[in-house]
Every structure is written in C-alpha cells, then in structure tokens.
Amino acid sequence: MDYVDKIENAQVYDDAKITPLVEAHKLSSQLRNTVLLKREDLQPTYTFKVRGAANKIASLSKDQLAAGVVCSSAGNHAQGVALAASRKGVRAEIVMPAATPAIKVEAVQALGGNVTLHGDDYDAAQSRAYELAEEEGLQLIHPFDDPEVIAGQGTIGKELLDQHGAFDAVFVAVGGGGLAAGVAAYIKAKRPEVSVIGVEPFDNASMHAAFAAGAPVELDRVGIFAESVATRRVGTETFRLCSELLDEVITVSTDQICAAIKDVFEATRGLVEPAGALALAGLKQHVSDLGWEGKTLVAINCGANMNFERLRYISERAAIGERTEALLAVEIPERKGSFLAFCTAIGNRHVTEFNYRFQSNASAHIFVGLELTKGHAELPELISQLERLKYDVTDLTDNELAKTHVRHLVGGARQPEGEKLFRFEFPERRGALLQFLKAIGQDWNISLFHYRNYGSDYGRVLVGIGVGEREEAVLIKHFDELGYPYWDETDNAAYRLFLRS
C-alpha cells in the first residue's frame, strides 16, 4: 500500500487545520537542543484524532454515509468522528466507557454525536460498537487500525516536513499506533535519516510488548493516567508499519508526563492532557539517556482534553517528574530542637513538604519533601550527607504509595492486629465510591481508608483491613472476583514508617 500517496491525497482539511510548529525556547536552552512542539492541541477538537476520522468518513460511499457511522472511544476519537460526521449531515453513534469524564461526553454531544455509555473500559465499549455496526448496518470508524485513519494522521508528518525539513528526530505518542504509523510512513519515505521514536507510558506499553513478542499481544491491564493511549492491544496494520519504520519505542513514568505537561504550559501557556505530553516526556528522557546536544527535535502535542480537576494531581507530581524534588522518610530524635537540627543539616535547601505526628518518646519519622537544585543526580549525595550525620533515611521519591496516599495520611492512629493494606483502582463515575464500598462488603473491618478525587477516569483508594491468617485467602479470593486492579502494600516502606506502629 502506498501510504505516501494516501497521505498526500488525504481529505482532512474540511474538518482539521494545519497546526503551528513552535519552539520551546526555555526547554531548548535547558536541554542544549532545539525543541519544537507540533501544536495538535490547537485542532478544533483539541486533538489530532479529527484528521483520521475526517479522512475515513470522506472515503465512504453515499450508501455508507446514508446508513450512518459508529465508533468506540474514550473521548478524543469520538469528538473527531462526531465533528466530521455532523458537517456532512451523517448520523454518528458514539459508544464511550461509563467512566468517561463528563467534559468529553458533553463535547461529543455538542458536536452532534449520539452518545451511549457502556461498560467500564474501552474494550467493553468497543464490543458494543461492533454490535451496533452489525445490528443497524452502521459503518465502523476504527480509532487506529484502518489505512484511511492512518493516512489521515500521517498528514502531520507531511506538515512537519513542509514546516521544518531539517529536524533530526520526531517523538510520537503511541496508543493503538495510528499516529505513529502515519507519521513514520511519510517521514521515513521522504527523510529516512530522521529518527521516529514512539513513546508510551510505562504501564500502557502495548507497542513495546508487541515489539518484544514480534506480534501484537494483549496486555493484562493498562494504566489509568494517560487514558487516551490506554490500549491493551495495538492494531495489526499499525504494528506492521511501526515495527518496520519506528527506530524504537521508549516508555516514561507518570511523573515524567506531569513534568512535561508543565513544560508545555511554560512554553505555550497551553494545557495538554497526559497523552498530549507523552512525546515531550520521551524527548527529554532520550536526550538525557543519550547525551544529545545541538540537535533539532520535534515532539507532537497530540491532545488537550483534560478535566481541570486533574491539575491538582499533576502539579503535585510535576516536581518529582522534573527531578527537582525528593521525598524522604527520615528518623529524628523525639526532643526539642530536632526539626531545627534537621533543617540545619540540610543547609540552605528548600523544604517543600513536612509531615509529622508523635509516635514515641524516643524517635519520630518525618515525611519530608526537599528541593533538588541540581536535579536527581544530587539525591544520593544528599542521602549520604544525612546518613553521615546519623540520620536513618529512606528514599520515597519513586514510591507510588507514598506519593498518592501516605503524604495525606501521615499521623493516623495505630493499626489493629492483623491489618493488611491494599491499594485499588476502580472506574470513577457518580456513585463509584459507594459502589466500591458495597463491593468490598461488610464482612471485613476497615481500619484505614484514603480516597481522593483527581478528576480522572479512575479512582484510587487505599484500604486497611483487619484480617486473621485463616481469613486472608478468602479475602484475596473476594478481591480477585471483584475484578478491580489491586496491590498488596502491607510490606511497603512508606506504610511501615508512617502508618504502622
């Protein structure tokens, strides 16, 4: 299939627009490379997805258009389909997971799409979309594994070469692979020396897994932070193209994504969603890993559909992602002047967070955030400095339990005998917390509970449960039947130091 020809003749600009390519000057200076941002967050639907949807719908026959179209989506593809269909007067049925944030549902409805909420995840919504296509003769618009959709997304590659033909590498977010496949198909045909690098969240790495297996594989579960790329299995055609054309696929952490969102804001005063900052997070990591200097690098800001409430969580994690903050557990003597002595020991360093509660007359554990003025490389020396002064230090900077829950819980009451600690994720919607509590049941004594709404598709809960040894197997079986992802955190250092007597 000649994708170059398909991309050059793609019919996207009735609905999409050519987006600017801008330099992030501050970041360029920091990284010693020219960093360019492709502003797909400025599309009418705030995401690149409108390109593929528009091209696919433009390729349909009159009879197919008359019957209508259907798609499944967590939000971004849905908006593209709704917009392209409404401008042609075509019926558009959109199936979205029940946990989809209201901002995305309302956006699709405002664009003329008929929304059906179905299931707890994308896979369930996709199954319902296939059923509707079969039952009502609707044309299915796949979000990524379709040559017309891939070609539509590939118009970004053509625009990049038209706007700036002298870049060395382009970084592309990967979910199902449609964007990466389209961009790589065009750029590698025209400029094969340019590196095209896919970027995935570490907990959504379906393309990385496919590369390792030599074929698409289905992940047991996917992470929840960058929901727009939360795809269990990449497409057959997208994998074929990506495996041939991508130079590599790298993964980044949630904290790195949060730091990249902040970078985009500082460069453009625009807010992108987590998936929208993936490419820039990967660019920064690659520069650090390979020591690149003097290159011209492009990151595609692929979307900006984000609930405002999520900014609280992102702001908390951005400093850690930038490696400008460390989270430490430090044992100090329980006597007057101990905090002053500790602050003297860390010198002129800024304390970003301090949590403490009396535990015993002998010593206390403090949960402390400290500014890193020279980046994460100085953390080992900071810890060594404190240890030389006889402080017992535990590094919690990369401890998910500590960052998400414990920092808000330090100082809780003593735990009951036999307490086990579990961390859960569950679909977030109206009444979701109540449903979660009902699902846990009333047979267990809940000794600790922490939940905080971050405006995302999924809720995060920390639960302490008093359970005897003979009951533990029954409890675990119940959790497995419940079906929510969970982790046993009973042996986590943050729990041991701050929440357990």
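Screening region 195-230 for residues that are among the acidic types (D, E) and more than 24 Å from L290 (Cβ to Cβ) and picking the one that is surrounded by the fewest Cβ atoms within 10 Å (Cβ to Cβ) gives D220.
Determine the pairs where a residue that is in the same structural domain as E353 (by TED's automatic domain parsing), located within region 378-397, has a partner that is among the hydrophobic types (A, V, I, L, M, F, W, C) and assigned to a loop (DSSP other than H, G, I, E, B) with Cβ atoms under 8 Å apart, the partner being 6 or more residues away or on another chain. Hits for this filter: E378/L372; L379/L372; L382/L372. Among the residues making up region 313-341, those that are at pLDDT below 80 and farther than 23 Å from A377 by Cα are E334, R335, K336, G337, S338, F339, L340. Please go through region 472-492 and pick out each residue that is in contact with a strand residue (DSSP E or B) (Cβ under 6 Å, 6 or more places away or on another chain), modelled with pLDDT of 90 or more and over 14 Å from G418 (Cα atoms). Passing the criteria: Y486, W487. Of the helices (runs of 4 or more DSSP H) that lie entirely inside region 101-179, those containing 1 or more residues that are of a type in the set (A, V, I, L, M), more than 22 Å from the chain's Cα centre (by Cα) and buried (at least 20 other Cβ atoms within 10 Å of the Cβ) span 122-136, 147-163. Here E273 meets the list (1) crowded, with 22+ Cβ neighbours inside 10 Å; (2) acidic (D, E); (3) touching a Phe, Trp or Tyr at 6+ places or on another chain (Cβ under 8 Å) almost entirely, failing just condition (3). Those strands (runs of 3 or more DSSP E) of region 1-85 in which at least 2 residues are basic (K, R) and not assigned by TED's automatic domain parsing to the domain that holds D120, considering only elements entirely within it, cover 34-39. Looking across region 288-317, the residues that are under 17 Å from G198 (Cα atoms) and crowded, with 21+ Cβ neighbours inside 10 Å come down to L297, V298, A299, I300, N301, C302, G303. Kindly establish whether A439 is at negative phi, at pLDDT below 85 and within 28 Å of the chain's Cα centre (by Cα). In short, yes.
State whether one or more residues within region 248-267 are out of contact with any Pro (no Cβ under 8 Å at 6 or more places or on another chain) and either assigned to a loop (DSSP other than H, G, I, E, B) or not assigned by TED's automatic domain parsing to the domain that holds K38 (or both). Scanning region 248-267, I find no residue that is out of contact with any Pro (no Cβ under 8 Å at 6 or more places or on another chain) and either assigned to a loop (DSSP other than H, G, I, E, B) or not assigned by TED's automatic domain parsing to the domain that holds K38 (or both), so the answer is no. Among the aliphatic types (A, V, I, L, M), assigned by TED's automatic domain parsing to the domain that holds A205 and in contact with a Lys or Arg (Cβ under 6 Å, 6 or more places away or on another chain): does that describe A166? So A166 fails the test. Per the listing E244, E237, E218, the residue uniquely of a type in the set (D, E), out of contact with any Gly (no Cβ under 8 Å at 6 or more places or on another chain) and outside any helix (DSSP H, G or I) is E218. Applying a threshold of 9 Å to beta carbon distances and a minimum spacing of six or more residues, or different chains, the list of pairs starting in region 160-175 at a residue that is farther than 12 Å from L21 by Cα and ending at one that is acidic (D, E) reads D168/E193; A169/D247; A173/E200; V174/E200; G175/E200. Every test in (1) outside any helix (DSSP H, G or I); (2) surrounded by 15 or more Cβ atoms within 10 Å (Cβ to Cβ) is passed by I320 save one, and that test is (1). Residues in region 371-400 that are farther than 13 Å from L328 by Cα and of a type in the set (A, V, I, L, M) were compared, and the one that is modelled with the lowest pLDDT is A377.
Yes/no per residue for (1) modelled with pLDDT of 95 or more; (2) basic (K, R); (3) buried (at least 24 other Cβ atoms within 10 Å of the Cβ):
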{"position": "H25", "(1), (2), (3)": "yes, no, no"}
{"position": "T34", "(1), (2), (3)": "yes, no, no"}
{"position": "E40", "(1), (2), (3)": "yes, no, yes"}
{"position": "V50", "(1), (2), (3)": "yes, no, yes"}
{"position": "S73", "(1), (2), (3)": "no, no, yes"}
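Of the residues screened, V170 is not one that is out of contact with any Phe, Trp or Tyr (no Cβ under 9 Å at 6 or more places or on another chain), under 17 Å from N76 (Cβ atoms) and of a type in the set (V, I, T).
If you scan region 480-501, which residues turn out to be surrounded by fewer than 19 Cβ atoms within 10 Å (Cβ to Cβ) and either of a type in the set (F, W, Y) or not in a loop (DSSP other than H, G, I, E, B) (or both)? Correct list: D480, E481, L482, Y484, Y486, W487, D488, A493, R496.
Name the residue that is farthest from D145 (Cα to Cα), counting only residues in region 186-208 that are over 17 Å from the mean Cα position of the chain (by Cα) and either of a type in the set (D, E) or in a helix (DSSP H, G or I) (or both).
Ranking the candidates gives E193 first.
Is one or more of the residues making up region 338-357 out of contact with any Pro (no Cβ under 9 Å at 6 or more places or on another chain), among the small types (G, A, S), crowded, with 16+ Cβ neighbours inside 10 Å and not assigned by TED's automatic domain parsing to the domain that holds E489? Yes: region 338-357 contains one or more residues that are out of contact with any Pro (no Cβ under 9 Å at 6 or more places or on another chain), among the small types (G, A, S), crowded, with 16+ Cβ neighbours inside 10 Å and not assigned by TED's automatic domain parsing to the domain that holds E489.
Within region 401-416, if we keep just the residues that are exposed (fewer than 13 other Cβ atoms within 10 Å of the Cβ) and among the small types (G, A, S), the residue that is modelled with the highest pLDDT turns out to be G411. When region 345-369 is limited to residues that are polar (S, T, N, Q) and assigned to a strand (DSSP E or B), the one that is modelled with the highest pLDDT turns out to be S363.
Counting only residues that are within 16 Å of P147 (Cα to Cα) and in contact with a Pro (Cβ under 9 Å, 6 or more places away or on another chain), which one in region 231-244 is surrounded by the fewest Cβ atoms within 10 Å (Cβ to Cβ)? Looking at residues that are within 16 Å of P147 (Cα to Cα) and in contact with a Pro (Cβ under 9 Å, 6 or more places away or on another chain), I get T236.
The values are calculated or read from the model by the stated rules, or taken from the named source; none is laboratory data. Bear in mind the structure is a predicted one, so any value in this text is a computation, not a measurement. All Cβ positions, glycine included, derive from the backbone under ideal geometry; neighbour counts span all protein chains shown.
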